[in-house]
Amino acid sequence: MVRTYDDEMKFLERLSPCSWRIKKGFVPNMNVEGIFYVNNNLEDLMFDELRNACAQGLVGGFLPGMKQIANVAALPGIVGRSIGLPDVHSGYGFAIGNVAAFDMDDPNSIVSPGGVGFDINCGVRLLRTNLTEKDVQPFKEQLTQSMFDHIPVGVGSKGVIPITAQDLEEALEMGVDWSLREGYAWAEDKEHCEEFGRMLNADPSKVSLRAKKRGLPQLGTLGAGNHYAEIQVVDEIYDKWAANKMGIEHKGQVCIMIHSGSRGFGHQVATDALNSMDKAMKRDKIVTNDRQLACARISSTEGQDYLKGMAAAANFAWVNRASMTFLCRQAFAKQFNSTPDDLDMHVIYDVSHNIAKVEQHTVDGKLKTLLVHRKGSTRAFPPHHPLIPVDYQLTGQPVLIGGTMGTCSYILTGTEQGMVETFGSTCHGAGRALSRAKSRRNLDYTEVLERLKEQGISIRVASPKLVMEEAPESYKNVTDVVDTCHAAGISKKTVKLRPIAVIKG
Amino acid sequence: MLTSNKKEAIKVVKSGDTVFVHNEKQFRSTIVWLEDQKVRRYKIEDRESLRNTTAEQWNQAFEQYLKDLDCPFANGSRPEIVDWLLGLAVQFEFNEKPESYASSPKIQQQTSQQSNPLDNLDFESEDFQVGVVELANLLQVPRHPDHLMTLEGICNVIQEKLSQDALKEALKTKNPGNPVQFENISFGLDIKSPNVSSAANVLRYLFIHDLRDLQTKINECLVCVQALTANPKTDTKLGKVGF
């Protein structure tokens, strides 16, 4: 079925200055409606994408984000709405920036690896320090080099923490508790981690040997793509009281942001699951609009195995970020001839933005247990929610939004409205505007590096020729994305950070 | 009575009187006595192999017996096993007639004899009540109609602000913290009456305070365990940057 752009527009309706409704019929078999959040700039990007796709007759390549949101709304067991956040862009099956919740009590409900993403439990962690920009400025280059020396980066990187196969099994089961036991993490780190840094349903026996082999040497490495570790300074404080609760006292305070995930391990877990689910779909006669939306019933063996394997990968990612936290603390302690404790290097928070979790939400006035898929979306629970740390009970959960290389990052807090509208979810970052291939064609890496230098940002990068893939031009404007979430009320701006040093793959 | 025997028996075991547990004959007959009289895990006819204390296979029978009892110390030392069995026997004995132990006058007497001077105070006497009021005025603790409640409040103030630990702590922390702006905080409660609302908010705040205390204690526990288990290592030779 190929419709013209004007025909497609009949299924789209503006709900508010920053949200649009996707009506049933936009794609076949929609069980619920879709919604996406945009401001004027982001809106143009979204509708251009649809217009281009219509002109080409919806063949080849990725589907436009709006179509993907609608296809997800056609999956069995979905409740509420299929939600596109302001940073939404095309991904594998599910758009990146898509939230979808499935009723655990409906036997037809599904779980889909595409709804989590290949980098399972990719996430962001923010450490604070009691240093100021002035303290760090004279040593910026050394500090960047030291971070680069401590944290191996790049696709084939290997970590500096010795680990045996048995250690890995335990780490997969225990998550941050493993890091704690072995002394790589502080007790307070666990407290400020989503899920306390451990998915309890993890089962390493459901993970293939291949995944474990890929994961073993990679623990404590950053990886490539859009992953990075940045030294940032507080640029703006929008909510002084909430910022204080996070230990952020003033502009110019130095923080460290780590954006990484489960490396090759999570990728392999997802790939393995997609293969096994293909068969399960035929057996259980599950029909989807897009082949990439491979899925299995939550209660089926394949569904359960994936959830247990995914949880193990999530634990891997937490151990990975905890290990890099340890290495950052070492790098800073050495440089400033102090201890991480005296530098007050506490974890402010650690978010996951590629994960599926069982949560309770109110749908149509009824409390329901749901499997919430967040792909390129961050949980943003409101104040007083029992699952957020005690320190943030009054402010709401901190939400860490990593910018792109050289642009600013944000801390938001969760809101009650987000709980009602988006299953307590908000955006995760800037969101791609250009594909990687297009970025490589259109941009020159020397220019990108030169510009960072002009901005006074130190950079260490393993593969300079790939930096244009991650250049700000390749992404939507993170400020637009964050402002839209703030205006829509699904999360609240609290702090803005800007980078002064970057290390990446 | 079993309990007194038991206390004796436990005393013997715990004092490390190795004669008892290493005297094979005595040990075996104690086990048999416990099974016959108190534990009664097996039917009488099934106790044969255990009762035959001189047989060579007695140890095997004993192992089986421990397994059947789900004894967590089956592989443990004999004092551990005996201690556990005695505990089990006491439990059975008690469960048979719990009412006869409900208020043992002996025990009550014992506790009141432990001379705590406060135990002899008359908490309802006028003197005492006046004292509480004076203390409350002195410490600026609001008065509750029930003077014992007021006393509890006074205790809290003293423990948290005036005890030696609290005073030391207060000297240590230089940062006085930020005063809470109550009116600016959303406590997530939709209560119309302003008085009820502020009372509920205070309760919610106190609850969060308690939760923080609990979390701090959990962290302290974790740190204690870490002292035993932690041994972080790095080996820079393993590191490799990927391209």
Quiz prompt | Nearest-0.05 FRET efficiency for B:D190 and B:Q57, computed from C-beta distance (R0 60 Å) | solution = 0.25
Self-check item: In nm, spacing of pseudo-spin labels at B:K240 and A:Q142 (7 Å Cα→C-beta vector)
Solution: 3.1 nm
Quiz item: Computed FRET efficiency, Cβ-Cβ of B:N120 and B:Q64, R0 56 Å: what is it to the nearest 0.05?
Solution: 0.50
Self-check item: Cross-link partners of A:K465 among aspartates and glutamates (Cα-Cα below 12 Å; sequence separation of 8 or more within a chain)
Solution: A:D444, A:E447
Practice problem: Going by C-beta contacts inside 10 Å, put B:F92, A:F11, A:F316, A:F423 in order with the fewest on the left. | Solution: B:F92, A:F11, A:F423, A:F316
Practice problem: Based on other C-beta atoms within 10 Å, arrange A:V27, A:V420 from fewest to most. | Solution: A:V420, A:V27
Practice problem: Would you mind calculating the gained length between B:K217 and B:K43 on full extension (0.36 nm times residue separation, minus the Cα-Cα distance), in nm to one decimal? | Solution: 57.8 nm
Self-check item: Radius 13 Å from Cβ of A:S146, net charge of other residues (Lys, Arg +1; Asp, Glu -1)
Solution: +2
Quiz item: lysines near A:K285 by alpha-carbon distance under 30 Å, same-chain residues fewer than 8 away left out - which ones?
Solution: A:K23, A:K24, A:K67, A:K206, A:K308, A:K357, A:K366, A:K368, A:K375
Quiz item: How large is the charge dipole for the range B:189-229, taken about the Cα centre, if only the Cβ atoms of Lys, Arg (+1) and Asp, Glu (-1) carry charge, to the nearest 20 debye?
Solution: 100 debye
Exercise. Go ahead and run the numbers for FRET between A:M9 and A:K465, Cβ-Cβ distance against an R0 of 30 Å, rounding to 0.05.
Key: 0.15
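Just so you know, all these numbers are worked out from the coordinates, no wet-lab data involved. Since the model is a prediction, treat every value here as computed from it, not as a measurement. All Cβ positions, even for glycine, are placed from backbone atoms using ideal geometry, and neighbour counts span all protein chains on display.
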